[in-house]
Amino acid sequence: MSIIDCKHLSVSYEGRTIVSDVSFSISAGDYLCIVGENGSGKTTLMRTLLGLKKPDKGEVLFSDGCSVGKASDASHKWVHKIGYLPQKSNLQKDFPASVMEIVLSGTLNDNGLFYTKKEKKKAISAMESLGILDIRKRSFMELSGGQQQRVLLARALCATEDILFLDEPVAGLDPKVTQDMYEMIKTLNEIGITIVMISHDIEAALEYSNHILHLNKDMDFFGTTEEYKKTELCEHYLCHIPDHLHHDDDCEICKERSHV
Amino acid sequence: MFRIIAEMLSYPFLVRALICGILLSVSASLLGVSLVLKRYSMIGDGLSHVGFGALAIATAFHWAPLAVSIPIVVIAAFLLLRLNENTRIKGDAAIALISTGALAIGILIVSLTTGVNIDIYNYMFGSVLAIDKTSFWISIVVCIVIIVLFFLFYNRIFAVTFDEDFTKATQAKSGGINLLIALLTAVIIVLGMRLMGALLISALIIFPALSSMRVFKSYKRVTISSAIISVICFVVGIFCSYTLSTPVGATVVVTNIIAFLIFFIIGKIRIRKEP
Ligand SMILES: Nc1ncnc2c1ncn2[C@@H]1O[C@H](COP(=O)(O)OP(=O)(O)O)[C@@H](O)[C@H]1O
Ligand SMILES: [Mg+2]
C-alpha cells in the first residue's frame, strides 16, 4: 500500500521551474533513494514533500489523508510521525544550544508543551544508538561536522515513527562514520520505517535502496533499484559522462572503472 | 547609598517605574533571545519607531495612547515578519523604510498639531514619570501574561528558533509560534517605550541576549542569564539615573553596554583557557 503518492508535481523558484512533472509513489517500508546531479532539484522536491514549499502543479497525497497541493495550506496536519534530516545546513554558527536540547526538540509532538520522562528516554536512546550520549551536554556549535550530523539524525529519529526523510545524510562524514550511518539507516528500515534519502553516493544508493528516483529537472527514472541497475542512465551516472558534475576526470570511481 | 534607596522608594512613581521596569526587563530579555537568534533584532527596532509614530498620532488627536498603538504595532509586526520571510524583498531595507517612515510621519503630525511637547519628548527618550496608575496595572498584567506564555511555549519557541524548517516539517502546530513571538514583541515594545523611550527600547530586548551568548552555550542558560542580566542592569540603571539625574532609558542602555563588555571579556578569557 502506498504511503506517499506524488502526482505530476512541478515546483519553481521565482518563476524558474526546478522540478517538472514528477510522479512516483512510495510504499510503507520502502527505502527510496533520490539521485541526480547537483542542482537537479532533489532538495526542492523533498521540501515540497514535507510541505515546506508549495508546488505549482500536481499534488502529494499521504495515505493518512493529508495532501500537499496548490490549493491546500502548506502547513497541514500530519498523522504520520515523520523525521527529517535537512541538508547540511544553514543553521547558524553561533547558536547556543546543547546537544540534549536539540535532540529533545525532535520529540515535540503535536500536543505536548513539556518533556516528560518518556520523551527524555526516547532522546537518550536515540543518542545512545548514535554514540553521542557522552557529548549530550556539549554545545552543538563546538562539535565536529560528523558529530553535528549525528545530533541532527538523533533529533530526526526522535521525531520519526513512520517515515524518515534524509537529505544527504553522509555529506562531509569520514568513511567509517559514513558506513555506520548507512548501517544505522538500514536497521531503521528493517524495523519498518520508510526511508526517503537523497544521496550523491550512487554506489551506496544501489546497495541499500529498493527504489530509485533519478531526477534531472524532470524525472529521468523511477522504479526499483534492480530495474535501475539495468538502465543506461545508471551506467552513465556511475561513469564517463562529463556533464555529470561528480564524475569528472578527478572522480575516483571513474578512474577505477576505466582502469579495470 | 541605603539612604538614597530609601529615598527613592518613598516616591510612589519611582516604585511603580521600578516594578514595571523589572517585569518589562524580564519579558523583553526572554523574547530577545529568540529575536536575536532568528536575526529579527532589526524588527524590534523598526517596531519601536512605528510605536512612536502611533503614540504621536494618538497624542495629537487625544486618543488613548495604548489602545491606539498596540494594535498598530501588532499589525506592523505581522507585516515585517512577512517581509522578512519573503526572499524577494530585501528584509532589512524594508524595515528601514517602515521605521524611518513611521518616525517621520509621527514627527510631522506632532509639529503640525501640538508641537514638540513634553509628551513627545518622553516618548522618544523615556521617562520615569510616564508610568501612571492605569498603565502601571496594564503593564504588570501584560508582562505576567508574556512571561507565563513564554514558559508554556518555551520548548516550541526553542524548536522554531533553532530550526524552523525541521519544526514545520515534523510538527503541525509550529506556524503559530512566529506569530506569537511577533505579537509579544509588539506588545512589549509599546509598553516599554514610555519608560525607556522609543529610540532605546530595542536595546532592552537585544543587549541581555547578546551579553549572555558571549559566555553561555546552551539555550536554557542563555535564557536564564539574559533575564538576570536584564533585571540587574535595569535596577542599577534606574538607581544611577536617580542619583545622577540622567534619563532612565539612556542610563539603562549604558549599564547594558557595560554588562556586555564584561561578558565579552569573560567569554574571551574562557575561550583562551579551554584548549
Ligand atoms: N530558496 C531558493 N531560491 C531560489 N532558487 C533556489 C532556492 N533553493 C534552490 N534553488 C535553486 O533550485 C535549483 C535546485 O536546487 P536543489 O533542489 O537544492 O538541488 P539539489 O538538492 O539537487 O542539489 C538550484 O538551481 C538552485 O539554485
Ligand atoms: Mg540538495
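The values are calculated or read from the model by the stated rules, or taken from the named source; none is laboratory data. Quick caveat: nothing in here was measured; it's all calculated off a predicted structure. Note that each Cβ is placed from the backbone with ideal geometry, even for glycine, and that neighbours are counted across all protein chains shown. Note: areas computed on protein heavy atoms with side chains; ligands, DNA, RNA excluded. Shrake-Rupley method; radii C 1.70, N 1.55, O 1.52, S 1.80 Å.
Residues that are within 7 Å of chain B (Cβ to nearest Cβ), in contact with a Lys or Arg (Cβ under 9 Å, 6 or more places away or on another chain) and modelled with pLDDT of 90 or more within region A:87-124 comprise A:96, A:97, A:98, A:101, A:102, A:105, listed in sequence order. For region A:169-181, a tally of residues being buried (at least 20 other Cβ atoms within 10 Å of the Cβ) and not hydrophobic (A, V, I, L, M, F, W, C) returns 1. For region A:177-200, the criterion of being in contact with a strand residue (DSSP E or B) (Cβ under 9 Å, 6 or more places away or on another chain), within 16 Å of ligand 2 (Cβ to nearest atom) and at positive phi is met by none of the residues. I need the full set of residues from region B:215-231 which are facing chain A (nearest Cβ under 10 Å) and either farther than 30 Å from residue A:135 by Cβ or outside any helix (DSSP H, G or I) (or both), in order please. Answer for region B:215-231, where residues must be facing chain A (nearest Cβ under 10 Å) and either farther than 30 Å from residue A:135 by Cβ or outside any helix (DSSP H, G or I) (or both): B:216, B:217, B:218.
Each row is one residue, and each column tells you yes or no for (1) away from every other protein chain (no Cβ under 14 Å); (2) surrounded by 24 or more Cβ atoms within 10 Å (Cβ to Cβ); (3) within 19 Å of the chain's Cα centre (by Cα).
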{"site": "B:162", "(1), (2), (3)": "no, no, no"}
{"site": "B:165", "(1), (2), (3)": "no, no, no"}
{"site": "B:176", "(1), (2), (3)": "no, no, no"}
{"site": "B:185", "(1), (2), (3)": "yes, yes, yes"}
{"site": "B:199", "(1), (2), (3)": "yes, no, yes"}
{"site": "B:205", "(1), (2), (3)": "yes, yes, yes"}
{"site": "B:213", "(1), (2), (3)": "no, no, yes"}
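Regarding residue B:245, is this residue surrounded by 22 or more Cβ atoms within 10 Å (Cβ to Cβ) and hydroxyl-bearing (Ser, Thr, Tyr)? When the stated conditions are applied, residue B:245 does not pass them. Set side by side, the residues A:197, A:141 differ, and just one is within 19 Å of residue A:84 (Cβ to Cβ) and not small (Gly, Ala, Ser), which is A:197. Residues that are open to solvent by 40 Å² or more (accessible area, probe 1.4 Å) and either assigned to a loop (DSSP other than H, G, I, E, B) or within 16 Å of ligand 1 (Cβ to nearest atom) (or both) within region A:2-42 comprise A:13, A:14, A:15, A:16, A:17, A:21, A:28, A:37, A:38, A:39, listed in sequence order. Criterion first (under 26 Å from residue A:107 (Cα atoms) and of a type in the set (Ser, Thr, Tyr)) does residue B:174 satisfy it? Answer is yes for this residue. A single entry from B:248, B:236, B:222 fulfils the requirement of being more than 30 Å from residue A:140 (Cβ to Cβ) and at pLDDT 95 or above: B:236.
Looking across region A:128-149, the residues that are within 19 Å of the chain's Cα centre (by Cα) and not polar (S, T, N, Q) come down to A:130, A:145, A:146. Each residue in region B:141-160 was checked for being more than 7 Å from chain A (Cβ to nearest Cβ) and open to solvent by 20 Å² or more (accessible area, probe 1.4 Å), and 9 pass.
Among the residues of region A:201-222, the one identified as among the β-branched types (Val, Ile, Thr) and within 16 Å of ligand 2 (Cβ to nearest atom) is A:202. Residues in region A:152-184 that are without any contact (Cβ under 8 Å) to a residue 40 or more places away in the chain and within 11 Å of the chain's Cα centre (by Cα): A:170 alone.
Each row is one residue, and each column tells you yes or no for (1) at pLDDT 90 or above; (2) of a type in the set (S, T, N, Q).
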site: A:145; (1), (2): no, no
site: A:154; (1), (2): yes, no
site: A:173; (1), (2): no, no
site: A:225; (1), (2): no, yes
site: A:231; (1), (2): no, yes
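Of note, residue B:52 does not satisfy the criterion of being part of a helix (DSSP H, G or I), more than 16 Å from the chain's Cα centre (by Cα) and aromatic (Phe, Trp, Tyr).
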